[in-house]
Amino acid sequence: MDALTAVLIVAGTVASYAIAWPFGVPLLVPVLNTAASFPFMVLALARGDLRLAIVRMLIWAMTLGVCATSLSYRYPAATDDELERIAGLVSAYCESELALRVASLEGAAPERPFAFEHDGVLLHGRLDVLHRDGLRALVVDYKTNVLEDASPEELIERDYRLQRLVYALACFRAGADEVEVVYQFLERPDPAVTTIFHRSEVAELEAELSEAIARIQEGIFKPTPSEFICAGCPVLDIVCAGPRLRQQPEASIPAEFAVG
Ligand code: SF4
């Protein structure tokens with residue numbers, strides 16, 4: 001087998017992980033893995049060279065093994081402490097007033113995607129829970145942030161104000177006349193923080209969104225990194241200092257939005 005083909009199989013397989021992994025779609029990984037290498041095996045078989053096809057398959061399998069093992073070390077499984085924290089957050093939700101309320105809402109749907117355009121920008125995402133009742137919409141957003149000294153209200157105003165108005169606008173664009181957006185911080189689940197928007201506020205909300213978009217388009221963007229937001233970020237400590245940015249003087253941070 002020529003060395004160039006072996007290099008192409010290895011490079012294609014590594015590249016397939018590099019391309020598929022950031023999308024976070026599990027099915028994409030094997031699909032791209034296969035696309036990167038199968039043509040070489042099929043070519044060998046088409047030439048009636050079974051031995052060559054097997055050698056190519058072994059090179060591919062070895063590359064898969066190395067990539068998968070490296071990734072498993074880079075993204076290790078949850079630790080016992082993390083599992084305990086996750087279990088705590090889940091039970092905090094299950095015992096909360098909001099859980100009772102959501103459970104009683106017929107048609108409440110989890111993970112509802114939304115997308116709309118504003119000022120030439122496509123805004124899209126997913127609502128943790130959406131419930132529609134005629135012209136009324138309820139959006140629930142769960143947060144697993146470590147609150148430290150901040151109150152949920154302060155954190156929402158600081159980091160999620162824009163997200164909240166985007167959720168409201170998404171529902172108004174879908175025909176709602178009243179939108180209730182509820183944030184629940186699972187570390188302190190009760191009371192959840194509720195804001196109700198009415199259709200009469202749409203112009204005001206859109207103006208605030210336009211302002212935010214304009215600032216970003218001007219390149220004015222203030223990151224608000226934290227241990228939570230930056231956890232798992234692929235550029236942490238490579239091109240970005242992450243949470244340590246917060247320790248720098250305020251003037252050195254460009255402008256003002258949440259990231260991550
Ligand atoms: S790029 Fe954003 S999420 Fe990533 S480490 Fe920097 S501040 Fe954190």
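Each reported figure results from applying straightforward, stated rules to the coordinates on display, with no laboratory input. Model, not experiment: these values are computed from the prediction. Here the Cβ positions follow ideal geometry from the backbone for every residue, glycine too, while neighbour counts run over all protein chains shown.
Key figures
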{"item": "Descending semi-axes in whole angstrom, ellipsoid equivalent of the range 3-74, from the Cα gyration tensor", "result": "23, 12, 9"}
{"item": "Percent antiparallel among DSSP beta bridges (both partners in the chain, rounded to 5)", "result": "70 percent"}
{"item": "Rounded to the nearest 20 debye, dipole of the range 101-218 from Cβ charges on Lys, Arg, Asp, Glu", "result": "400 debye"}
{"item": "Per-residue Cβ neighbour rank within 10 angstrom, fewest leading, Thr34, Thr69", "result": "Thr69, Thr34"}
{"item": "Between the range 33-101 and the range 194-213, the alpha-carbon center distance in angstrom", "result": "42 Å"}
{"item": "Whole-Hz ³J(HN,Hα) from phi, Karplus 6.51 cos²θ - 1.76 cosθ + 1.60, for the range 97-110, glycine and proline x", "result": "5, 5, 4, 4, 5, 4, 4, 8, 8, 6, x, 5, 10, x"}
{"item": "For the range 51-99, with +1 on Lys and Arg beta carbons and -1 on Asp and Glu, the positive-most of Ala92, Ser70, Ala53 along the dipole", "result": "Ala53"}
{"item": "GluC sites (Glu not before Pro) restricted to the range 152-251 and DSSP loop, no more than 16 other C-beta within 10 Å", "result": "Glu187, Glu218"}
